[in-house]
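The structure appears right after this line, and notes come after that.
The values are calculated or read from the model by the stated rules, or taken from the named source; none is laboratory data. Just so it is clear, the structure is predicted and the values come from calculations on it, not from any experiment. Every residue, glycine among them, receives a Cβ derived from its backbone with ideal geometry; neighbour counts consider all protein chains shown.
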Amino acid sequence: MKKSTLLIFLLPLALIALNPNPPPPPQVVQAELDKAEHDFWKAMEMFNPWYAGPLLTPSAHVLDPGYLVIQPYIFVLDNYGKYNTRRHSQDIPKLIQVNPLFLAQTGVVKGIDATLVIQGIYNTQNDVHSGGYLDTKFGFGFQIVKEQPYIPAVKVVFSELFPTGKYRNLDPDKNGLDGVGGGAFVTNVSLNISKVFWWVIPSHPFNLRTSHVFSIPSKVHVKNFNSYGGGFGTNGKVRPGQQYTGDIGIEVSITQSWVFATDISYFYFGKSKFKGTPGTTSSGAPATVGGSFGDQLSLAPAIEYNPSSKIGVLGGVWFSVYGRNTSNFIAGVVSYTQTF
């Protein structure tokens, strides 16, 4: 007998000798998994947590066909500073923004849902007032993994941001407050993951979410004063930088109806590049178009009240922690959600 053949016969015997405790048979493993799932659903029946938030991090669950969720928001923001390239906050004339947002989500087929987000904004700064309709988002979500006792839910969302907000030929006397859109078609790919943890503190289960969104904007044709700067006679194209948004959200059940929630949000955007005629400012100086890269870290603690599994009310604050070439702000946020 060849040595190689002999090794093939002796190797399993050697492994058994090194590991005298062989793995349990498949039926024992399956019985343990069945018991874990039974314990999970038993715990859910004892304390079935109701969650409606948090404020920023999206869900990783696809809505089933025949169901509709609506969720209006109101954001009231006080932008009192701006972070420079060295992350130092500098005072600016206070900019107050009121941002109503409406989200609608419905199931399309099993495992796929659709979401529409429409919103507007009102700006006021130095006795100048303006606002308008913001860009609109529409997309489809796909359930990749359904949540199980020890497995998180995983959802992938493909969405498009449509340039419905005003972004060019702005009024020179409004200091850019009427520039409420980006002018670009933005393709977004989002990976959402969430899991309810009930075994850590059975009387206070918590829901952990995370979301990662990668955004690719199209080129934008700008004229005169626009959302990227500009002035009289500006004419050209802007290539906005790519963007990334990463959110972590947690909801801790105080009771079945009352929940404490918080978000940690990070946003990054790349440099915007311009090609064309820059134009001139009101003072006759050459206008600048585009801008440097930047980022921002913010927090959003909130309280939820859920009178039933289909209705929820959220209220909280959202504020920046640090940033670069972004605003330093604090906001009050109120939201209502209902499932039909």
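Scan the stretch 145-163 for residues that are part of a strand (DSSP E or B) and under 18 Å from the mean Cα position of the chain (by Cα) and report the count.
Of the stretch 145-163, the ones part of a strand (DSSP E or B) are 145, 148, 151, 153-162.
Cutting the leftovers down to under 18 Å from the mean Cα position of the chain (by Cα) gives us 153-162.
Total satisfying the criteria: 10.
Just to check your reading of the model, which residue among F232, F225 is among the aromatic types (F, W, Y), over 27 Å from L191 (Cα atoms) and surrounded by fewer than 14 Cβ atoms within 10 Å (Cβ to Cβ)?
Values: F225 fails: surrounded by fewer than 14 Cβ atoms within 10 Å (Cβ to Cβ).
Unique residue meeting the criteria: F232.
Given the options V29, V76, V62, name the one that is over 23 Å from E147 (Cα atoms), within 43 Å of the chain's Cα centre (by Cα), among the β-branched types (V, I, T) and at pLDDT 65 or above.
So the residue among V29, V76, V62 that is over 23 Å from E147 (Cα atoms), within 43 Å of the chain's Cα centre (by Cα), among the β-branched types (V, I, T) and at pLDDT 65 or above is V76.
Tell me which residues, restricted to the stretch 118-153, are in contact with an Asp or Glu (Cβ under 9 Å, 6 or more places away or on another chain) and closer than 16 Å to V189 by Cβ.
Correct list: K137, F138, G139, F140, G141, F142, Q143.
Quick one: which of S257, S211 is touching a Pro at 6+ places or on another chain (Cβ under 9 Å) and at pLDDT below 95? Write out each step before concluding.
On the way: S211 fails: at pLDDT below 95.
After applying the criteria, what remains is S257.
I'm checking my understanding of the structure. Among residues of the stretch 249-271 that are in contact (Cβ under 8 Å) with a residue 60 or more places away in the chain and of a type in the set (V, I, T), which one is surrounded by the most Cβ atoms within 10 Å (Cβ to Cβ)?
Residues of the stretch 249-271 in contact (Cβ under 8 Å) with a residue 60 or more places away in the chain: 249-251, 253, 256-257, 259, 261-263, 265.
Of the ones still in play, those that are also of a type in the set (V, I, T) are 250, 259, 262.
Working: I250: 19, V259: 27, T262: 19.
Taking the candidates together, the pick is V259.
Could you say which residue among G241, G179, G236 is over 16 Å from K273 (Cβ atoms) and either assigned to a loop (DSSP other than H, G, I, E, B) or among the small types (G, A, S) (or both)? Give the steps one after another, and end with the answer.
Values: G241 fails: over 16 Å from K273 (Cβ atoms); G236 fails: over 16 Å from K273 (Cβ atoms).
Within the list G241, G179, G236, the selection yields G179.
Could you tell me whether the stretch 199-211 includes any residue that is within 26 Å of the chain's Cα centre (by Cα), under 21 Å from F293 (Cβ atoms) and either touching a residue at least 60 places away in the same chain (Cβ under 8 Å) or part of a strand (DSSP E or B) (or both)?
For the stretch 199-211, residues within 26 Å of the chain's Cα centre (by Cα), under 21 Å from F293 (Cβ atoms) and either touching a residue at least 60 places away in the same chain (Cβ under 8 Å) or part of a strand (DSSP E or B) (or both): absent.
Listed here are the residues, each with its yes/no results for (1) of a type outside the set (A, V, I, L, M, F, W, C); (2) closer than 20 Å to V62 by Cβ.
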site	(1), (2)
F142	no, yes
P149	yes, yes
V157	no, yes
E160	yes, yes
D178	yes, no
A184	no, no
V196	no, yes
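Pairs under 7 Å by beta carbon, first residue within 10 Å of P65 (Cβ to Cβ) in the stretch 102-118, partner of a type in the set (V, I, T) and part of a strand (DSSP E or B), six or more apart or different chains?
Final answer for the pair search is D113/T106.
From the residues in the stretch 116-136 that are buried (at least 19 other Cβ atoms within 10 Å of the Cβ) and under 20 Å from the mean Cα position of the chain (by Cα), which one is nearest to T337 (Cα to Cα)?
Ranking the qualifying residues of the stretch 116-136, first place goes to V117.
Could you check the stretch 284-320 and list, in sequence order, the residues that are at pLDDT below 95, part of a strand (DSSP E or B) and surrounded by fewer than 14 Cβ atoms within 10 Å (Cβ to Cβ)?
Correct list: P286, P307, S308.
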